[in-house]
Amino acid sequence: MHHGYLSIIRMIETDLEFEKDAVRIYNEFAEKVSDAQLREMFLEFAKAETGHVNGLQRLLQFIQDGEHEVKFYCPVCGWEVNFGKNPGIGDQARCRMCGVIFELIEIGGDYDIRRL
Ligand SMILES: [Fe+2]
């Protein structure tokens with residue numbers, strides 16, 4: 001598992017299970033109803049939920065491949081502070097709006113930032 005993403009990966013995996021269940025349940029509903037319009041509606045729901053499953057799986061893969069940029073909102077001005085892809089603990093980044101420098105830290109498996 002990629003360091004710094006513990007809680008995020010857990011949340012994505014939990015959501016992924018929920019979305020997979022939704023796909024299965026909507027498809028079961030579609031099989032069981034006799035009304036053609038209802039069947040079409042449940043198939044549309046299943047299709048939408050499949051899109052969520054695919055998106056979450058892509059996001060997980062992106063994180064595992066180190067392709068996800070580690071970004072925080074600057075606690076001083078609200079602008080984006082970007083540590084880039086696959087940063088190391090202790091890396092520093094400067095807020096491009098207010099100029100404050102932050103250090104990337106890890107707390108309990110999750111990335112966080114500390115003002116220098
Ligand atoms: Fe800032």
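Laboratory data are not the source of any read-out in this text; all were calculated from the coordinates shown. All values reported here derive from a predicted model rather than from experimental measurement. Don't worry about glycine lacking a Cβ; one is built from the backbone with ideal geometry, like all the others, and counts go over all protein chains shown.
In the chain, the DSSP-assigned H stretches of four residues or longer account for a calculated mean residue ellipticity at 222 nm of -17500 deg cm²/dmol, using -39500 (n - 2.57) per stretch and the full residue count as denominator.
3J(HN,Hα) along the range 46-62, derived from phi through the Karplus expression 6.51 cos²θ - 1.76 cosθ + 1.60 where θ = phi - 60°, amounts to 4, 5, 5, 5, 4, x, 5, 4, 4, x, 5, 5, 5, 4, 4, 5, 4 Hz, with x in place of Gly and Pro. Among the trypsin sites (Lys or Arg not before Pro) in the range 74-116, those placed in a DSSP loop whose Cβ has at most 14 other Cβ atoms within 10 Å are Arg96. For the range 6-64, the direction-averaged projected area of the alpha-carbon convex hull comes to 3.7 nm².
Among the lysines of the chain, pairs that are 8 or more positions apart or on different chains and have alpha carbons within less than 30 Å of each other number 6. How large is the Kirkwood hydrodynamic radius of the range 69-115, counting all unique pairs of alpha carbons, in Å? For the range 69-115, the Kirkwood estimate is 10.5 Å. Using a Gaussian network model of the chain with C-alpha springs under 10 Å, which one of Leu104, Leu60, Leu38 is most mobile by mean-square fluctuation? Checking each option, the largest mean-square fluctuation is seen for Leu38. Overall, the chain carries a charge dipole of about 460 debye about its Cα centre when +1 sits on the Cβ of Lys and Arg and -1 on the Cβ of Asp and Glu, all other atoms neutral. Each principal axis of the chain carries a Cα extent, and these read 64, 28, 20 Å when sorted largest first.
Report the GluC sites (Glu not before Pro) located in the range 23-116 that are in a DSSP loop and have at most 15 other Cβ atoms inside 10 Å of their Cβ, or state none. Answer by residue number: Glu67.
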